[in-house]
Amino acid sequence: MEGLLKEINKVRQKLKSESANALLMQKPFAQGMYRFSMFIINYYTRVRKNLNLDYDSFMIIQTVVSHNLYYLQKKKIGTYQELASAWELAANKSDGPLDLVENVEQDQSSKLTISSICLVLGLPKETVRRKINQLSKENLLKISNKNGITLGTKYKKVFQDFVPSTTLEVSKLIKFWDKSGVLKGLLNLKI
């Protein structure tokens, strides 16, 4: 955490010290920041409206997704279609996507727990427990003593419905940043 704070302070100082001719000139940077803010607001709104989830519950699901993606990458699963197939297979099995990954040891340290989710998200343990139980009732997550917290059968719908629209929104944001020069400035920012 201390290393991250040092990096953030370096960026803050770099942004403050740049001259008017810098890559991150005020106007494109402000426009880029505005578009990013609108992207985040849109994302938050889509989570609430389209998925009918509060943001903490969504972030719990995303933590489980991230955990599974870490192991799925080891099997070289990386395309959208490969992920969709992995989620489909997992939804039809009693266990999660990690079981689809050959040669990955499924020991106690690789299973996702309430405590590990609390550490990642900084949420109180009872809040995470309550939300995971609710998400389990809705079949978005599964709870197993053997495998920990995994994705439930309804996650494939989230993946099918939410991921393509998010990809489109990210594409729009990056295209705007590219056209306005913000992307070049960000990519050239030396920290």
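Odds and ends about this structure:
- Relative packing of 158-165, 56-63, which averages over residues the other C-beta atoms within 10 Å, highest first: 56-63, 158-165
- Extension gain (nm, one decimal) between D54 and R129, 0.36 nm per residue minus Cα-Cα: 25.5 nm
- Proximity of backbone amide H atoms, modeled 1.01 Å from N, is registered between L112 and I149 at under 5 Å, excluding neighbours fewer than 5 places apart on the same chain.
We did not get these values from a lab; they are worked out from the coordinates using the rules stated. Not measured: the values here are computed from a predicted model. Ideal geometry is used to build each Cβ from the backbone, glycine not excepted, and the neighbour counts take in all protein chains shown.
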